[in-house]
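Novice: Below are the structure tokens for one structure; questions will follow.
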Amino acid sequence: MAVTNLASNQTNGLVCAHNHFYSALARGMPAPPRTPTEFNEILELVWWRLDMALDLDLIYHSAKLSALTALEAGCTAVIDHHESPNAIDGSLSIIADACAEVGVRVNCAYGITDRHGPQGAAAGLAENDRFLSAGGNGKVGLHAAFTCEPDTIAAAAEMGRKHGVGVHVHVAEGPADTWQMLTGHTDDDWLIIHGVHLPDDHGLSGTMVHNPRSNMNNGVGYARPTRFSNPIALGTDGIGADMLDEFRVAFVRAREVDVTTTPDVMWGWLETGYELFPEARNDVVTWNYDVMDPWRLAYTTAVAPQRVEVDGQVLLNNGVPTMVDAAEIKAKASEAATKLFAKLNEL
Ligand SMILES: [Zn+2]
């Protein structure tokens, strides 16, 4: 039941509208074979090598560490986008199970792509269908239009409609990400991630998810989300799940181009998360800061949760997880990262 009777030092559980749990073990990874000089090279030399190295065990440990990271940041609901071309079947259930152990809500999608041929696309489509048919909470994932054939996009859109969940897709993140093939396929339940290089009148339906820190990190430009008529939500694109931090980055990024911007706008983007993940309204976070007000939070760093309740169950008390051993999760993730780095060195 939605909790609306909140004290000034409380919020509902925060929602991360776009994340990549599989990237949690990447920190400290071996340097790529050469330094990427633009966004497509970042994909090819970093992320498309990492996802090839993932197996189900690595996926489990990265998801569990990510769920813990979210909980410790007061984020109780995450919309994840997953890819592991050599371990597709069953991957979404592994992620959902890892999150359930920590107590964090998750919405899963497998990012279908034709980068590994039509069989790879079919396997991705099948994994989404399997997970959703079994009652999993998720959307149909598409990597991005520029790595998919038209038939693959049409099949994902049809499957999103069949399950009544829509599609979760990267759109116009870099200049080479041609998005026009999505025209005519989108619905209001789609998640349009990034939209940096979309024209104002792109005509795509769905919620636009802004990931300001990731966009800066990849040097792809500023999405200027206020120019769109779509609802706007905030995501981290794999860089943790500290939504107050992402809110602050979104605010200063907007101020940089328009100094009259007020933080209520970005607070509204956080609240759009509840349209996507209404269950997070049942969760209560008590913070170490007395007034959870957008103007104050825009200029207050290191605000952290003291207590997190999900559906009335206390999952974090005095900053310490109650269901899981945080030190053990981190130690096992560290072991898994060592294994991942060894595999990357062999690629
Ligand atoms: Zn992403």
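Read-outs: derived from the displayed coordinates by stated rules, not from any lab. Keep in mind the model is a prediction, meaning the values are calculated, not measured. As a convention, Cβ positions derive from the backbone with ideal geometry for all residues, glycine included, and neighbour counts pool all protein chains shown.
Novice: Set the Förster distance to 41 Å, then compute FRET efficiency between residue 301 and residue 163 from the Cβ-Cβ distance, nearest 0.05.
Specialist: 0.55
Novice: Just to confirm a number: summing +1 for Lys and Arg and -1 for Asp and Glu over residues other than residue 110 whose beta-carbon lies under 13 angstrom from that of residue 110, what do you get?
Specialist: -4
Novice: Around residue 227, under 12 Å between beta carbons, what's the net of Lys plus Arg minus Asp minus Glu among the other residues?
Specialist: Neighbour charge sum, excluding residue 227 itself: -2.
Novice: Another question about this same structure. Only helices at least 15 Å long along their axis, Cα-based, and averaging 1.0 or more on Kyte-Doolittle count here, so list those DSSP H runs from the chain.
Specialist: Those that clear 15 Å and a mean of 1.0 are 91-102.
Novice: Continuing with the same structure: With +1 on each Lys and Arg Cβ and -1 on each Asp and Glu Cβ, and nothing else charged, work out how big the dipole of the chain is about its Cα centre, in Debye to the nearest 20.
Specialist: 520
Novice: Any idea how many Lys pairs in the chain come in under 15 angstrom at the alpha carbon, given 8 or more places apart or on separate chains?
Specialist: Pairs that pass both the separation and distance tests number 4.
Novice: In whole Å, what is the distance between the alpha-carbon centres of region 36-63 and region 175-249?
Specialist: After rounding, the separation between the Cα centres reads 21 Å.
Novice: Write out the chymotrypsin sites (Phe, Trp or Tyr not before Pro) in region 229-324 meeting two conditions: DSSP loop, and at most 13 other Cβ atoms within 10 Å of their Cβ.
Specialist: For chymotrypsin sites (Phe, Trp or Tyr not before Pro) across region 229-324 that sit outside H, G, I, E and B with at most 13 neighbouring Cβ atoms in 10 Å, the list reads 299.
Novice: Also: With a point put 7 Å past each Cα toward its Cβ, work out how far residue 262 is from residue 134 in nm, to one decimal.
Specialist: Label-label distance for residue 262 and residue 134, simple model: 4.8 nm.
Novice: Dividing the convex hull volume of the Cα atoms of region 102-193 by its residue count, what figure in Å³ per residue is obtained?
Specialist: 105
Novice: Follow-up question, since we're still on this one. How big is the gap, in Å, between the Cα center of region 75-102 and the Cα center of region 259-299?
Specialist: Spelled out, the Cα-based centre of one part sits 25 Å from the other.
Novice: At 222 nm, what helix-only mean residue ellipticity would the chain give, in deg cm²/dmol to the nearest 500, using -39500 (n - 2.57) for each DSSP H run of four or more?
Specialist: Dividing the helical sum by the residues of the chain leaves -11500 deg cm²/dmol.
Novice: Per 0.36 nm of contour for each residue apart, how much would the distance between residue 217 and residue 38 grow if the chain were fully extended, relative to their Cα-Cα spacing?
Specialist: 63.4 nm
Novice: Let me ask you something else. Sequence gap at least 6, Cα distance under 8 Å: using those rules, report the relative contact order of region 10-346 to the nearest whole percent.
Specialist: Worked out over region 10-346, it gives 22 percent.
Novice: Here's another thing I want to ask about it. When all alpha-carbon pairs of the chain are counted, what percent fall beyond 30 Å?
Specialist: The share of Cα pairs beyond 30 Å in the chain comes to 32 percent.
Novice: Ratio of alpha-carbon Rg to the 2.2 N^0.38 Å globular estimate for region 255-337, to two decimals, please.
Specialist: Against the compact-globule rule of thumb, the ratio is 1.40.
Novice: Are there any chymotrypsin sites (Phe, Trp or Tyr not before Pro) in region 133-211 that are in a DSSP loop and have at most 14 other Cβ atoms within 10 Å? List them by number.
Specialist: Hits after loop and neighbour filter: nothing returned.
Novice: Where does each of 61-74, 89-102, 117-130 land if you order them by average Cβ count within 10 Å, highest first?
Specialist: 61-74, 89-102, 117-130
Novice: Something else: Please report the antiparallel percentage of the DSSP beta bridges confined to region 10-346, to the nearest 5.
Specialist: Close to 35 percent.
Novice: Right, another one. Could you tell me which of rounded, prolate or oblate describes region 205-248, using a ≥ b ≥ c as the square roots of the eigenvalues of the alpha-carbon gyration tensor, with rounded for a/c under 1.5 and, failing that, prolate when a/b is larger than b/c and oblate otherwise?
Specialist: oblate
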